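*Asks:* One structure, pasted below without further comment.
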Amino acid sequence: MAIGTEVNRQWVLTLHSGVVVIDWGDDVFQEVHNGDFLRVDEREVSHHTTDEELDTLRKAGRVNHYTLQAVFFNNLAERPLKSIE
């Protein structure tokens, strides 16, 4: 059984700069190394993250496990949500 925050693999992307991010929707992206939330222009996205890139993240302790459908991330910061007022 995989442990960690499960993210559908289609939302795990690599930018042209080589930074791996998670697309949470609403133009909110999370950088997987430091957990920072970013605004990313779609033109900055290079490709869906490859197995080789995920292996590197696994060795660095950021990814616990991945399959063809999902990636299980260790210690992701929670997405800040605006409160309803």
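A short reminder: the numbers here are calculations on the coordinates, not readings from a lab. All values reported here derive from a predicted model rather than from experimental measurement. Virtual Cβ from ideal backbone geometry, glycine too; neighbours counted across all protein chains shown.
*Asks:* Can you check what the net charge comes to around Leu57, using other residues whose Cβ is under 13 Å from the Cβ of Leu57 (Lys, Arg +1; Asp, Glu -1)? Before the final figure, lay out each step's value.
*Replies:* Working: positive: Arg9, Arg58, Lys59, Arg62; negative: Glu31, Asp51, Glu52, Glu53, Asp55.
Residues near Leu57 contribute -1 overall.
*Asks:* So, in nm, how far is label Glu44 from label Gln69 when the simple model puts each one 7 Å beyond its Cα toward the Cβ?
*Replies:* 3.1
*Asks:* Pairs of Cα atoms under 8 Å, at least six residues apart: use those to get the relative contact order of the chain, whole percent.
*Replies:* Rounded, it is 36 percent for the chain.
*Asks:* Would you pull out the residues with amide H under 5 Å of Val19's amide H, same chain only if 5 or more places away, H placed 1.01 Å from N?
*Replies:* none
*Asks:* Is the C-alpha gyration tensor of the chain telling us rounded, prolate or oblate? Criteria: a/c under 1.5 is rounded; beyond that, a/b larger than b/c is prolate, otherwise oblate.
*Replies:* Values: a/c = 1.83, a/b = 1.22, b/c = 1.50.
Oblate.
*Asks:* Quick one: net charge around Ala77, please, counting Lys, Arg +1 and Asp, Glu -1 for every other residue with C-beta under 14 Å from its C-beta.
*Replies:* Values: positive: Arg62, Arg79; negative: Glu31, Asp36, Glu78.
Result for the local shell: -1.
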